[in-house]
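Take a look at the structure set out below.
Rule-based calculations on the coordinates, nothing more; no lab input. None of these values were measured; they are calculated from a predicted model. All Cβ positions, glycine included, derive from the backbone under ideal geometry; neighbour counts span all protein chains shown.
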Amino acid sequence: MSTTTAGVIFVLSLAAALAAVHRPFGDYLYRVVSGTRHLKIERGLYRLVGVNPATEQSWGVYARAVLAFSAVSVLFLYAFLRLQHHLWLSLGLDPVVTHEAWNTAVSFVTNTNWQWYSGESTLGHLVQMSGLAVQNFVSAAVGIAVAVALVRGFARSRTGELGNFWVDLTRITVRVLLPISVLGAVVLMLGGVVQNLSAGTEITTLTGGSQTITGGPVASQEVIKELGTNGGGFYNVNSAHPFENPTTWTNWLEIFLLLVIPFSLPRVFGRMVGQVRQGYAIVAVMAILALASITLTNVFELSGHGTVPQAVGAAMEGKEARFDVSNSATFAAATTLTSTGAVNSFHDSYTSLGGMMPMVNMMFGEVAPGGVGAGLYGLLVLALITVFVAGLMVGRTPEYVGKKIGAREIQFASLYFLVTPVLVLIGTAAAFATGNNSTALNVGPHGLSEVLYAFTSASNNNGSAFAGITVSTPWWNTALGLCMLLGRFLPIIFVLALAGSLARQHPVPASEGTLPTHRPLFVGMVVGVTVILVALTFLPALALGPLAEGL
Amino acid sequence: MKEKDMTTSTPAPHGTADAATAGTPATQGNRAGGGLLDPGQLIRSLPDALRKLDPRTLWRTPVMLIVEIGAAFTTVLAVLDPSVFAWAITVWLWLTVLFANLAEAVAEGRGKAQAATLRRAKKDTIATRLTGWTPGAPASRYQETAVPAPDLQQGDIVLVEAGGIIPGDGDVVEGIASVDESAITGESAPVIRESGGDRSAVTGGTKVLSDRIIVKITQKPGESFIDRMISLVEGANRQKTPNEIALNILLATLTIIFLLAVVTLQPLAIFSKDFQAAAADTQAITDEGVTGIVLVSLLVCLIPTTIGALLSAIGIAGMDRLVQRNVLAMSGRAVEAAGDVNTLLLDKTGTITLGNRQAAEFLPVEGVTADEVADAAQLSSLADETPEGRSVVVLAKNEFGLREREPGFMPHATFVPFTAQTRMSGVDLTPDATGDGDTAGGARRIRKGAAASVMKWVRDLGGHPTEQVGQLVDEISGVGGTPLVVAEHLDGQPARALGVIHLKDVVKAGMRERFDEMRRMGIRTVMITGDNPRTAKAIAEEAGVDDFLAEATPEDKLALIKREQEGGRLVAMTGDGTNDAPALAQADVGVAMNTGTSAAKEAGNMVDLDSDPTKLIEIVEIGKQLLITRGALTTFSIANDIAKYFAIIPAMFAGIYPSLDALNIMRLSSPESAILSAVVFNAIVIVALIPLALRGVRYRPAAASKLLGRNLLVYGLGGIIVPFIGIKLIDLLIQFIPGIS
């Protein structure tokens, strides 16, 4: 079987599996977030925290709850990292210094999981398990909760209430993320992923040298890393490491896990607004963008444009031989299309245009299908902007699933849309203006790509690294930390404000004059708007980076 | 003679006959019209356009303000370091701003001409104020004082006599007069204004032609109808509409993004140039980065200048299109709401049907011919001056060739007028009715009227109406018609019923097609009528409306509107009476007829000077057209950017990275000509689109998905392709300018 055929089968089987699963799994998610019954363990948690699960929150209260919870998480994680030398299972490692601890704390709370460090040589097992892994769960749950709150804004009318953040957070963690993670960890262990509390085993190599084989609670962290679109690896080389991702089928499973929740959430949207076809339209937009991107990444990588790839027959630099070109390219596309940021190969070593694709995926604003929750709310905001322009063109005040898109809604959608381009562009320009780009390995267009990639990844909460750039300096840690923080929470505030304004409205009944938002024409238009807006925003920067290099 | 005229023509109430033809699909061609742009208009508006360069005026269109700041910046650069390229760019940037101002000035110019005409009507007159006047009081009880019209207060009573100008808006409280309202409506035929009822409102500046009326002033000083009209057509204090505000936010967002994309490019460009230090400096890029001229050019090309320049012109022109149709919208918000309307409430009489019921056929009972019925019906209706009665005469003439007989033609006939008690009318003929000495038939009496009354008359005179009469009556009622039974009584014989006249409402031509269009646009039409439900249903079916409200009282109407609004729907209606006022105020779009009362005009948010209820449909279309034009030009504006990137990016950077020349797919001749071509295209497209902005995008009633498909093809795909062609063409021309190529 040729590499291309294998790659195609790999992608198609993933698509088929997702197509089969997104409906029943989406229905399950829908029941989780809209049910009225509480599990015993959940009731216990509510009592412990002092929350009345029956009360509902306005958008402001919901937003404050998200921010307060995340602030406490950041502070807790920061303290954890700073004090790790006092902790159990610290493996004798030193405390993490201030700017590094700040960056990592923000990184994991914002679901970015940008890693300036090597996990195995910087963090102890306790920090990994009860610090980082906990955030892998709850930061994912926060994203889904915010998306659900936005959907409630569409689904409800004449109310100020968007649900209860604590209930959403608890249910998503307890009923969705935890059970799948336990099950997935067992499956991965069967595939060869390690799970222990070993401090490392000294062995003597064949040549007589000595090597430390690091162990750790890897499998338990691996599943939520993908499932919650987190991406922070136990090991520095992330999913390229054989203890994290040993075989082709674990590679398949990991990609499936990182795509499954984002692709199922549109179903929740469709169910909650009472028009499943609206959910299908959204999932179609995600699927079209994702398939196009995966295909292009594969094409660029397999065609091996460039001197070295042509000399050796394939663009294998920076890729694992057990995954080959195609399965690495597919992983790279999937991890950047979602806000995961786990990697199984080095994006820096990709062909110029192949390496541009992960960047473009993130520049879409992580919507195809995006991070857990974040992808859905990001795409709904884009759909709203599309509806606005399209709606005017049919001669009516634009409406989306029965809600009018007026000045207030456009204001929040615009603010949402502004955040990441502002962060990426200003961050990149600042790095060059201040000379901090000098820590990049390369000069010229590739060096520019390395810097642009770092800011794109941080601001969009992806967390994958192009690599080839040293970011453990105070400037980089601070700047990227700010990008992650603002890139996560400003959009969340705008999304919740938007939800509040939608929920207050009267629903508008659909008629022949209403723009249908479930037809292929509209789906195509959302795809077009997304691509064109991204192209217009980032083309000048891309021209001096990957395009200059690759054309 | 006068009476004959009255019997042969059926005067249409409120001039609806004209309206019916104006609204038929046959004349739809000029629906979207608003006049074409003539070059003279552009030149006349030039001084205004120059005046609008003042940044204090321009800040209201932030996109154009940025272009102006950019133009000022390049002017400084061009002065410091002159070159053909720098000056060419600078000139075209200034032209871009000027063209935008021109669009707005032209749009405003049209309104100004109208305002000037109105101002002429607003002559300051001397009013005759009556103090101490009470209804019915003799002249001795009050005093007349002459006061200048602007000094009149609300509630003042004034006397206006033939030849006088009405000094202010008000209601006639005594008298009846014919009034020339051409100053505001443009309609030269005088209208009747009388006290009481729904035709009591008069407008300041109009002229009394005959008789005298006493008017109670209802306006506040300086807030007359004409004042409001002037400020409306001039667009003086035009408020931005909700959708316009939302669109402005989106445009501002795009502008910020592009501003950022351009500004943040500089450090990247410096880094790249530094990397390829061997590359020669060009007019576009030096060691200090991209030149200021080129950065500004890129920015201006990217920000949505096309829609930014035309947005306010579109809004002004939309209002202007309404004014041209003699509709005054009190706010732009109302015009926009018209585009969103879900439910249209239409009065049956005058809107859907021609004024009154008309005779449609004569149905004889067994043993009688239709001719006989027609003859009897005609005789009985000769003196019946109601529209129904006249229609019987007309039908008898048209269908049965019965010559008209004037009442005077039969000296021995005695006409029995209709009264509310008898509920019938008719004629008593002496034996020699025609005066020709033939008395063979003896005396003959004919009656026509409501079934129950006429049947009773027949029975009282010894007759026994057959069951068939009852059947005919029921049949006619069943299809929503009104049956009139015709009976005769000859001396010495029992009376007998001859047949039944079928009176029916005549639905105006083309209404069904209009309502089908409405349905395609997603608008539900509801007919409002005082008829009973059965009649209403039949007419509703014939006219093709979606729903009807029978036996409607003003309260029912108000309740219906509230119910619709509860469901999130927007409601439009027309009205003219004082009892319509609450419903007009409640409706999202309330169009008051100019013939209506002041209360109605005050309550609605639009006034139709032609008092044509069918115009509501056109108002909806204008509202939609306004939104479509904005959406289409926004799409076009954004789609244009793609081609501009393909022109400017290779022009800027191919000097340092020759591989980027691959993006120069238009094969533009030089970096300078590429950038200049993009800037020139960007400016010219504004002028090219002024006529479209003023006229509005062509609108055909259709389902939303069809409209979107079409507009997306024209303005989306067209917006991507057109600039590629345009920029290439401009490049082919300007490459011959020395210093550019």
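Quick notes on this structure:
- CD proxy at 222 nm, helix term only [per DSSP H run n ≥ 4: -39500 (n - 2.57); per residue of chain A; nearest 500]: -20500 deg cm²/dmol
- Rough spin-label spacing in nm, given labels placed 7 Å along Cα→Cβ, for B:Ala278 and A:Met189: 6.0
- Cα centroid of segment B:489-536 to Cα centroid of segment B:635-710, whole Å: 57
- Each of the trypsin sites (Lys or Arg not before Pro) that DSSP puts in a loop and that has at most 10 other Cβ atoms within 10 Å breaks chain A; the longest unbroken stretch is A:159-551.
- Put the Cα centre of segment A:190-240 next to the Cα centre of segment A:473-505 and the gap is 33 Å.
- When A:Cys483, B:Cys301 are arranged by Cβ crowding within 10 Å, least crowded first, meaning fewest neighbours, the order is B:Cys301, A:Cys483.
- Take the Cβ atoms of B:Ile725 and A:Thr159, set R0 to 45 Å, and the FRET efficiency comes out at 0.30.
- Each label was represented as a point 7 Å from its Cα along the Cα-to-Cβ direction; for B:Ser453 and A:Thr5 these points are 9.6 nm apart.
- Segment A:480-490 - phi-based ³J(HN,Hα) in whole Hz, Karplus 6.51/-1.76/1.60, Gly and Pro as x: 5, x, 5, 4, 5, 5, 5, x, 8, 8, 4
- Karplus-derived 3J(HN,Hα) values for segment A:74-82, using 6.51 cos²θ - 1.76 cosθ + 1.60 with θ = phi - 60°, are 4, 4, 4, 5, 4, 4, 4, 5, 5 Hz; glycine and proline are entered as x.
- Rounded, prolate or oblate (a/c below 1.5 giving rounded, otherwise prolate when a/b exceeds b/c) for segment A:1-104 by Cα gyration tensor: oblate
- R0 of 60 Å, Cβ-Cβ distance B:Asp547-B:Ser210: FRET efficiency to nearest 0.05: 0.85
- Shape of segment A:224-265, Cα gyration tensor, a/c cut at 1.5: oblate
- Charged side chains reduced to their Cβ positions (Lys and Arg at +1, Asp and Glu at -1) give segment A:372-550 a dipole of some 500 debye around its Cα centre.
- Once the GluC sites (Glu not before Pro) in DSSP loops with at most 15 neighbouring Cβ atoms within 10 Å are cut out of chain B, the longest remaining piece is B:1-222.
- Calculated FRET value between B:Ser188 and A:Asn236, using beta carbons and R₀ = 60 Å, to 0.05: 0.10
- Here the extension length gained between B:His464 and B:Thr414 equals 15.5 nm, from 0.36 nm per residue of separation less the Cα-Cα distance.
- Close amide H partners of B:Gln358, meaning residues 5 or more places away or on another chain with modelled amide H under 5 Å apart, are B:Lys504, B:Asp505, B:Val506.
- Helical mean residue ellipticity (222 nm; -39500 (n - 2.57) per DSSP H run of 4+; nearest 500) of chain B: -15500 deg cm²/dmol
- Cα gyration tensor category, rounded, prolate or oblate, for segment A:482-551 with a/c compared to 1.5: oblate
- Separation of the alpha carbons by more than 30 angstrom is noted, of B:Lys456/B:Lys557; B:Lys348/B:Lys448; B:Lys348/B:Lys397; B:Lys240/B:Lys508; B:Lys504/B:Lys624; B:Lys112/B:Lys220, for B:Lys456/B:Lys557; B:Lys240/B:Lys508; B:Lys504/B:Lys624.
- The fewest-to-most ranking of B:Asp491, B:Asp211 by surrounding Cβ atoms within 10 Å reads B:Asp491, B:Asp211.
- Amide hydrogen neighbours beyond the local backbone of B:Ala443, cut-off 5 Å, H modeled: B:Asp491
- With the simple model of a label 7 Å out from the Cα in the direction of the Cβ, B:Trp87 to B:Ala443 spans 10.8 nm.
- Longest site-free stretch - chain B; sites: chymotrypsin sites (Phe, Trp or Tyr not before Pro), DSSP loop, at most 13 other Cβ within 10 Å: B:60-735
- Looking at chain B alone, DSSP beta bridges between its own residues are antiparallel in about 75 percent of cases.
- Counting beta carbons within 10 Å around each of B:Ile352, A:Ile213, A:Ile469 and listing the fewest first gives the order A:Ile213, A:Ile469, B:Ile352.
- Taking Cα atoms only, the orientation of helix B:554-566 departs from the longest principal axis of chain B by about 30 degrees.
- Mean-position separation - Cα centroids, segment B:332-347 and segment A:1-53, in angstrom: 45
- Backbone geometry of segment B:54-67 corresponds, through the Karplus equation with coefficients 6.51, -1.76 and 1.60 at θ = phi - 60°, to 3J(HN,Hα) couplings of 4, x, 5, 7, 6, 5, 6, 10, x, 4, 6, 4, 5, 4 Hz, x marking Gly and Pro.
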